[in-house]
Amino acid sequence: MKKNFTNQMLIANFIGNNCLSKCAFTQYVGIFTQYFGINIQTFGLMFKYRINELLMQLPMKDYRKALKIIPKALNVSLNTFSNYRNIKLSDDQDIPHQKVVLLERIFGVKPGQLENFTPEYKSLKQLLEECPE
């Protein structure tokens, strides 16, 4: 590997192209950690949602089936589901709430556990106090 690529570009290439099996990906974890000095497991935190992380936990045959079944269950195209999987934390793009709820149920996670972020917000009380009359 050449070091002139950024860490994110190399990792995204491995994950994003879906050509690397779960087993092969696991083998690269140690290599990436050693070569780049980063923990590859934290790469998932770059995405708004844990969809890829949860998919990677499946056996390979189930992973491939899931990539076909989940978009149908959500009533979205394969391309849209792929877009959902690859939304970065810094992107303005988001998944509609109803689809997030369905994904949480499909993956068997509790509400809010699909997200890799905690939205920052003010309470209604704070907003009312800041609002001029």
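Each value in this text was obtained by applying a stated rule to the coordinates, not by laboratory testing. Remember, predicted model here, so these are calculated numbers, not experimental data. Every residue, glycine as well, gets a Cβ built from its backbone with ideal geometry; the counts of neighbours run over all protein chains shown.
Among the residues making up segment 101-131, a single one is among the aliphatic types (A, V, I, L, M) and touching an Asp or Glu at 6+ places or on another chain (Cβ under 8 Å): 114. Scanning segment 87-133 for residues that are in contact with a strand residue (DSSP E or B) (Cβ under 7 Å, 6 or more places away or on another chain) and touching a residue at least 60 places away in the same chain (Cβ under 8 Å) yields a total of 3.
Taking residue 65, is it out of contact with any helix residue (DSSP H, G or I) (no Cβ under 9 Å at 6 or more places or on another chain) and either in a helix (DSSP H, G or I) or touching a residue at least 12 places away in the same chain (Cβ under 8 Å) (or both)? Criteria met by residue 65.
Do you know which residues across segment 73-99 are in a helix (DSSP H, G or I), in contact with a helix residue (DSSP H, G or I) (Cβ under 9 Å, 6 or more places away or on another chain) and surrounded by 11 or more Cβ atoms within 10 Å (Cβ to Cβ)? 73, 74, 78, 80, 81, 82, 84, 85, 99, listed by residue number.
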